[in-house]
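A short reminder: the numbers here are calculations on the coordinates, not readings from a lab. Source: prediction; values computed, not measured. Every residue, glycine as well, gets a Cβ built from its backbone with ideal geometry; the counts of neighbours run over all protein chains shown.
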């Protein structure tokens, strides 16, 4: 039985003819599921962080292609009349989804897989091509579940009974199609009978750590303590932190890691305090086309995420804001990468 069956919630699910996602902007106060019936709805939930995390974004986008290619807008919702019309629609659907989040490589990896499926199955039987697209999206989802399982197994071998882990942002089941990457390791170790404690950064500015990671770990019965982002150094100095485990949105060919803003700071602190710094990510997050972290496009978020604290103004009007969603951790600060293929040490 897959470990994902032990989870108390579902992040995303294909429901016969549409995609259902857990709205992560409503957590932890409400557990609300949204049904996406159009490609624009899928694009919107990705862009608005209602679903987030590199693997989950890729899976959602794959299903977004399925939804977007069902009918032709040019034919008043009827089936496609020609292969040219079908390709025109595909050339609208994929850019629509690709434009949502520029940093996470899984998005483009999944969209490229869907595009390749169409190119390999050119046929006037558009329903058959659409069925193959659905199979591919389902395969991407299943593969991610299995990758999370393997990452969990390999990573759990690094944790001992009684260990305390510091993590940042959310790299759990909420960010993937399975049990998660960084948190998947913690879950697996716990299911093996090891007692693991976690310190979770709040992760400003939109609090993925406090809203999502703490909620998720509580759902699974994991001992978790929330800290402010600027408390991490103090915790490393004064508490028993055995290792840091984070996820990744993209890993360059030289090993540089793009992850949620604040990750770089933690890696520097871990190096100073001589604490292992692990990056847990599926192989789909590794981008051989990017030579180093300096070439990774970093998404910038709305200034309002910084100036307004959940609809309450916390900065003066006209304040300048610089709000990158991610930073890049140099490879030399990474102790090891944990993937579904094993553990690769620096």
Checklist line | Antiparallel %, DSSP beta bridges [both residues in segment 153-345], to 5 | finding: 40
Checklist line | Cβ-derived FRET efficiency at R0 35 Å, residue 308 paired with residue 234, nearest 0.05 | finding: 0.80
Note to self: Counting other beta carbons within 10 Å of each residue's own, what order do 241, 57 fall into, fewest first?
What the structure shows: 241, 57
Check: Quick one: of the DSSP bridges fully inside the chain, what percent are antiparallel, nearest 5?
Finding: 50
Item checked: Fewest-first sequence of 148, 243, 36, 228 by Cβ atoms within 10 Å of each Cβ -> 228, 243, 36, 148
Next item on the list: Return, for the Cα atoms of the chain, the radius of gyration and Dmax in Å, separated by a comma.
Entry: 20.2, 68
Notebook entry, point to check: Relative contact order of segment 37-145: what whole-number percent is it, with Cα pairs under 8 angstrom and at least 6 residues apart?
Noted result: 34
Next item on the list: Please report the relative contact order for segment 153-345, taking Cα pairs under 8 Å with a sequence separation of at least 6, and give it as a percent rounded to a whole number.
Entry: 22
Checklist line | Tilt relative to the chain, helix 105-120 - C-alpha long axis, 0 to 90 degrees, to 10 | finding: 30
Margin query: Stokes-Einstein diffusion coefficient for segment 45-135 at 20 °C in a medium of 1.002 mPa s, Rh from the Kirkwood formula over Cα pairs: what value in µm²/s?
Written below: 161
Next item on the list: Among 114, 69, 15, determine the one that fluctuates most according to a GNM of the chain built with springs between C-alpha atoms less than 10 Å apart.
Entry: 15
Notebook entry, point to check: Once label points are set 7 Å from the Cα along Cα→Cβ at both residue 194 and residue 35, what is their separation, rounded to one decimal in nm?
Noted result: 4.2
Item checked: Cα centroid of segment 275-312 to Cα centroid of segment 64-138, whole Å -> 27
Notebook entry, point to check: Angle, helix 182-191 long axis vs. longest principal axis of the chain, Cα atoms, 0 to 90°, nearest 10?
Noted result: 70
Check: What ranking, highest mean first, results for peptides 309-316, 88-95, 180-187 when packing means the other Cβ atoms within 10 Å averaged over each residue?
Finding: 180-187, 88-95, 309-316
Notebook entry, point to check: Which length gain, in nm to one decimal place, applies between residue 71 and residue 295 when the Cα-Cα distance is subtracted from 0.36 nm times their residue separation?
Noted result: 76.9 nm
Item checked: Relative contact order (%) - the chain, alpha-carbon pairs under 8 angstrom, separation at least six -> 16
